[in-house]
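Laboratory data are not the source of any read-out in this text; all were calculated from the coordinates shown. Computed from a predicted model, the values in this text were never measured in an experiment. Note: ideal-geometry Cβ built from the backbone for every residue, glycine included; neighbour counts use all protein chains shown.
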Amino acid sequence: MGSTQTVRGRAAKRILWVDDEIELLRPHVLYLQKRGYQVDTISNGDDAVALLRATPYDLVLLDEQMPGKRGLEVLESLGRSDPHARVVMVTKSEEDRTMTEAIGRRVAEYLVKPTSPRQVLSVVTRILEGSSIRQQRVAQDFAARFGRLSMKREEASTAGEFAQVYAELVDWHIRLEQAGEHALLDSVTQLLSDLRRDFGEWIVGVYPHWMRGEVPRPDLSVDIVEKYVLPWLGRDPTYVVILDCMRLDQWRVISRLLAPYFEIEESWHYSILPTATPYARNAIFSGQFPDQIAHERPGWWDQSDDEGSLNAFEDELLKEQLRRLTGRNVPVHYQKIFSDREADQVRARVNAAVKTPGTVVALVFNFVDLMTHGRSESPILMEVAKDEAALRDLTRSWFERSTAYQVLREAAASGYRVVLTTDHGSILCHRPTTVFARKDATTNLRYKFGQDLLAENESHAFTTRNERELHFPEGRLGMRYVIALEDYFFVYPTKLREYQQRYRNSFLHGGISPEEMIVPVARLRSAGGPSSTTTRIGVESRRGAG
């Protein structure tokens, strides 16, 4: 048995090597011991089973072909006593059956003799030290990047620059959270807070000019179909999939699940204001701003923010937009999915629809939006999705088992192409700000429309009386539009404590922040299909202006 050692101030990891020719492997054992590992050796499976029952080890190197108990038998016994044991099978056998059986029993690695001491060390280090090495690497990379990233945040002055800084901060937030680097994660959180402040000031200044067409602008919600869907129309079906209320970080974690099936070209667009379903999603399907929709279909516009009334005609809006863009009637199959209980019906309808040449299959999945809204009302969901990282994890867990994932994999298998996007994101709101309003004001916590509206602190919101600055239809006399900045949410002075207690630390949308406005749009080509191109995952500007 080896003696207890320490490695850089910590107890050495313990390894048990089981092999009937262990004396021939003495150079390998010494090589591991010199690298700081405690290595115990044993020459038969029966003694190994007895020892493993009494003594915990961090890793077991296990020979397959031994007299008495074979390695796979030891592995089976160890699996019953310690299901989480990490085992490397080391054997002379190159038979596929042996390798398959070992992998099926979830060994951590499989090595075929003869192996060099360095090969064994490489495998041992990856299994036992891999996570801490990756953690150190992530910390070093972020420390090296921090200064330049801070400067890029301070210098951002265009839509592309803000999007690039935000996307990089999202990636660092994901990487550092996964590495458990919570101290450095605080630095990213502070940079995001600073970016939010600068972004809000910039949007207040530039957005009205975008709406009046006075300066170049980035791709907005109204541009999605023309820029991303139209070039793909042909005889094959084209899918348009909208995951309602999806943030960029949520997309980044589910895109990894899609990577085996699709070549992914990722970009971004800016959600129009307010960043809420009745406006942003209608803009996607219609290719028009709210005032243009109201002009053509005045019966639809009622100055409310009710999704049920304002988002009831998305299929008609999409058909009309495609007719306007192509000069012909494009077949459209539209479904809005609220629950995965509908999975079989959704897939059956889609499979029927794609039989029509040139069909656009438009699917809206509302789970992320329902989860975000429901979190404010459910103490259990509030606890499960308590912060951005938890919301990402919950989104990924849902997506892995979702109808959306099933439909997308079936589209990939058929070689169909997909445009996947969202209407807006959400932001974790921490700070209440008081607004004075009449009873007829809209109810959203991140934006308010109404007569005689007044934000107590004007620096917390974008306020305008001019509907043209939002591309809105003409409002009633005295109408004001107030949209929250950064992570503020509106409270009434008469319900101050109630709203603070109920909605503080809620994910909300409708306001002005990178999380709500800078959202992903991805073009997915079936992996290995005739139209596939090299994967390009990264944030890029379609126009680079604004």
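Figures for the structure shown
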{"read-out": "Computed FRET value (nearest 0.05) for Lys92 with Glu410, which takes r as the C-beta separation and R₀ as 35 Å", "value": "0.20"}
{"read-out": "Share of Cα-Cα pairs in region 30-182 lying beyond 22 Å, as whole percent", "value": "56 percent"}
{"read-out": "Cβ charges +1 (Lys, Arg) and -1 (Asp, Glu), total dipole of the chain, debye", "value": "360 debye"}
{"read-out": "Low-density loop positions, GluC sites (Glu not before Pro), region 177-273 - DSSP coil, at most 15 other Cβ in 10 Å", "value": "Glu214"}
{"read-out": "Under 15 Å from the Glu458 label point (7 Å along Cα→beta-carbon), backbone N, region 197-236", "value": "204-205"}
{"read-out": "Principal-axis tilt of helix 159-179 within the chain, Cα atoms, nearest 10 degrees", "value": "30 degrees"}
{"read-out": "Relative contact order (percent, whole number), the chain, Cα cutoff 8 Å, 6+ residue spacing", "value": "18 percent"}
{"read-out": "Cβ crowding within 10 Å averaged over residues, with 358-365, 420-427, 312-319 ranked highest first", "value": "420-427, 358-365, 312-319"}
{"read-out": "Ranked by how many other beta carbons lie within 10 Å on average, peptides 205-212, 127-134 from highest", "value": "205-212, 127-134"}
{"read-out": "Unit Cα scatterers, Debye sum, the chain: log10 I(q)/I(0) for q = 0.10, 0.12 Å⁻¹", "value": "-0.89, -1.11"}
{"read-out": "Cα-based helix-to-principal-axis angle, 367-377 vs the chain, degrees rounded to 10", "value": "80 degrees"}
{"read-out": "Within the chain, percent of DSSP bridges classed antiparallel, to nearest 5", "value": "40 percent"}
{"read-out": "Charge-dipole axis of the chain as Lys and Arg at +1 and Asp and Glu at -1 on Cβ define it, positive-most pick from Asn444, Trp17, His28", "value": "His28"}
{"read-out": "Protection-proxy order for peptides 340-352, 458-470, 12-24, 244-256, each taking the mean of Cβ atoms within 10 Å per residue, highest first", "value": "244-256, 12-24, 458-470, 340-352"}
{"read-out": "Pairwise label distance in nanometres, Thr356 with Ala144, each label 7 Å out on the Cα-Cβ vector", "value": "5.5 nm"}
{"read-out": "Given charges at beta-carbon only (K, R positive; D, E negative), |dipole| of region 123-170 in Debye", "value": "200 debye"}
{"read-out": "Computed magnitude of the charge dipole of region 437-499 (debye, nearest 20; Cβ of K, R +1, Cβ of D, E -1)", "value": "240 debye"}
{"read-out": "Stretch gain in nm, segment Glu23-Arg497, where the contour uses 0.36 nm per residue and the Cα spacing is subtracted", "value": "163.2 nm"}
{"read-out": "Over the chain: helical MRE at 222 nm, DSSP H runs n ≥ 4 each giving -39500 (n - 2.57), nearest 500", "value": "-13500 deg cm²/dmol"}
{"read-out": "Rounded tilt (10° steps) of 117-155 against the dominant C-alpha axis of the chain", "value": "30 degrees"}
{"read-out": "Listed residue (Ser193, Ser132, Thr115) projecting farthest to the positive dipole end of region 99-249, Cβ model", "value": "Thr115"}
